[in-house]
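S.K.: Starting off with a structure, shown below.
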Amino acid sequence: MAIPVTKPSKLLFAGGILISFVLVAGGIKPPAETRRHTEATPDPHTAAAAGHCAGTLFPSLCLSTLLSIPELAKTPLPAVIAAAVNHTADSVRSSYHNCSVIFHRPSFLDFRQRIALSDCLDLLDVSLDFLHLAVSDLCLSNPSTRLAELFTILSAAITDQFTCLDGFAFVPEAESIRPQIEHALVHTYRLVSNALAMAKKIPPPPGVGAKGEPFEGYGKMKGGFPAWVSRKDRRLLAAAPGGLKADLVVATDGSGNFTTVGAAVAAAPNNSAARFVIYIKAGAYFENVEVGTNKINLMFVGDGIGNTVIKANRNVVDGWTTFRSATVAVVGNGFIGRDLTIENSAGPSKHQLFALRTGADLSAFYRCSFVGYQEHPSVVGNGFIGRDLTIENSAGPSKHQAVALRTGADLSAFYRCSFVGYQDTLYVHSLRQFYRECDIYGTIDIVFGDSPVVLQSCNFYARKPNPSQKNVFTAQGREDPNQNTGISIQSSKIAAAADLVPVLSQFQTYLGRPWKKYSRTVILQSFLDSLIDPAGWLEWNGSFALDTLFYGEYQNRGPGANTTARVKWPGYRVITSAAEAMKFTVGDFIQGDQWLKGYGIPYTSGLS
């Protein structure tokens, strides 16, 4: 299999001015005058650096970065952060070059290693895009108006570094490779972490800080949808499939423009400013689909859950990384999916095999079903909309990780869709996403990843796993306490699938477990059936993350909602304040009232 490699030639410009750094081997060397200060009387340059770095997780690295900025004491905070981000881009380019050199040793690498390195190259290239956008936002005349976007893309850049490393977790042969790339990736993470911590100090626009609202009209509804969903997208989501004006039609019988979904995506315009609708007629489509970063504002519309089915079976056991196992991958921002099923059918013995991977900002999913065991497809183009279809990874329970859907597209939405898999069914990789009236099936870590995501009025079904396995509905992957990421499940149903019901007493089922140190998941106003273990939540590995995670439950109901026997971890809480619960709703957590305005997906902005 030929794996394409792209070269990151991006330079970070803002307002036509390149922000540059002078680098010295082994680090950044501060100007001579800054090295002559004393601790008792620091000069203004050093004092300014210390002030900016206060509260960062890696203050020594922060100081060494900022001390090289000329006139630091006179430089506004946004410009300081922009300079730090530009330096971070140099670190990403260095990592990319290093991975590329290793990748081009064909006799040295096997298939698994090449796949893992290919993931890294793609992720690092996307990270450069994020850093470019961050610099552009920081150099606006009023960067405070873009704080939500800034926090989102810097959080996603952190996620990308660790996703690269995660690709080697199931490749024992790669132990000789990981040490060659790990130090640089962790260094990049620390640089981004410091930039994100400093960005949190930028004052919000006037009138916003007191209410905690990131923009005007925050939390407001319009016609049953978030105010940010455009009128046109609202009509698209509300219309019957037959009443839609599609730009392209996919049909297995040849009655459309294409017979495969991938061909239709390839034919869609790049970087479209307008919504582009692909209608996928009823039928089973056996393929892996990727909506790339240049395929923004796409919408998939099917003929309903179980009628339009996208299905594949990549998985970890057969040599794929979790990231690459998705049946559908979405990275193009603004994606909307509606009325379809996405399935990874690799099976419970194939380990990680996700149905959907999402890393697209501002994405929404309405009336969709996600079926898998561990993980499922992937979407990366911004503004993606999926509706009325099914996406499946059919690898099976013995294939471990096998994703049905992976999304890494900002402002993506799925409505009335189904995602089918076993382990790791739905990979909410990064950037803002919304799911409405979707069905998600799986066994272990059914929904996982590190995006800011709200799943509202959805159905979550635990399937029968392999003997001795436990079912876990979520595994959230927040690495840094300043990331704006987390999984919010609201007004949904969590229950057993038909194959689990007869043997329910043989398997334990939990709401979630902490994949990463600052894992954050909340369950709001949902129905929890009797399959939920009284403890509610499961450890990942001993005491790992139990005091740093944030797990919350608020006003849930049903036989599995009793919290009296829940875990006693420092990071777990029963949320009793409506104000605290509001932080994890569509309006607050993913700024839904701003970007869902035109999507046409019904939703509740606040609490029910």
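The values are calculated or read from the model by the stated rules, or taken from the named source; none is laboratory data. Quick caveat, the model's predicted, so the values are computed rather than measured. Positions of Cβ are generated from backbone atoms using ideal geometry, with glycine treated the same way; all protein chains shown enter the neighbour counts.
S.K.: Within segment 248-272, restricting attention to residues that are of a type outside the set (A, V, I, L, M, F, W, C) and within 28 Å of the chain's Cα centre (by Cα), which residue is nearest to Thr308 (Cα to Cα)?
M.R.: Looking at residues that are of a type outside the set (A, V, I, L, M, F, W, C) and within 28 Å of the chain's Cα centre (by Cα), I get Thr260.
S.K.: Out of the residues in segment 538-570 that are over 12 Å from Ser519 (Cα atoms) and of a type in the set (S, T, N, Q), state the one that is surrounded by the most Cβ atoms within 10 Å (Cβ to Cβ).
M.R.: Filtering segment 538-570 for residues that are over 12 Å from Ser519 (Cα atoms) and of a type in the set (S, T, N, Q), the one surrounded by the most Cβ atoms within 10 Å (Cβ to Cβ) comes out as Asn556.
S.K.: So if I check each of Gln433, Gln490, which one is surrounded by 24 or more Cβ atoms within 10 Å (Cβ to Cβ), on the phi < 0 side of the Ramachandran plot, of a type in the set (S, T, N, Q) and touching a helix residue (DSSP H, G or I) at 6+ places or on another chain (Cβ under 9 Å)?
M.R.: Gln490
S.K.: Go through (1) of a type in the set (A, V, I, L, M); (2) surrounded by 16 or more Cβ atoms within 10 Å (Cβ to Cβ); (3) modelled with pLDDT under 65 one by one and return the number of the condition Ala210 breaks.
M.R.: (2)
S.K.: Surrounded by fewer than 22 Cβ atoms within 10 Å (Cβ to Cβ), at pLDDT below 85, under 23 Å from the mean Cα position of the chain (by Cα) and small (Gly, Ala, Ser) - does that describe any residue in segment 167-178?
M.R.: yes
S.K.: Oh, and also: Across segment 289-304, which residue is modelled with the lowest pLDDT among those that are over 14 Å from Val331 (Cα atoms) and surrounded by fewer than 24 Cβ atoms within 10 Å (Cβ to Cβ)?
M.R.: Applying the filter and picking the extreme gives Gly304.
S.K.: Say whether the condition of being touching a Phe, Trp or Tyr at 6+ places or on another chain (Cβ under 8 Å), over 21 Å from Val428 (Cα atoms) and not assigned by TED's automatic domain parsing to the domain that holds Thr56 is met by at least one residue in segment 476-487.
M.R.: The answer is no; no qualifying residue exists.
S.K.: Any residue in segment 460-471 that is under 17 Å from Ala498 (Cα atoms) sitting within a Cβ distance under 9 Å of a residue that is among the acidic types (Asp, Glu)? List the pairs, counting only those 6 or more apart or interchain.
M.R.: Final answer for the pair search is Phe460/Asp439; Tyr461/Asp439; Arg463/Asp499; Lys464/Asp499; Lys470/Asp533.
S.K.: May I ask you to verify whether Ser68 is modelled with pLDDT of 90 or more, surrounded by 13 or more Cβ atoms within 10 Å (Cβ to Cβ) and assigned to a helix (DSSP H, G or I)?
M.R.: No: the conditions fail for Ser68.
S.K.: Follow-up question, since we're still on this one. Can we say Pro502 is at pLDDT 95 or above and on the phi < 0 side of the Ramachandran plot?
M.R.: So Pro502 passes the test.
S.K.: Of the residues Gln555, Gln591, which single one is within 22 Å of Arg478 (Cβ to Cβ) and either out of contact with any Gly (no Cβ under 8 Å at 6 or more places or on another chain) or among the basic types (Lys, Arg) (or both)?
M.R.: Within the list Gln555, Gln591, the selection yields Gln591.
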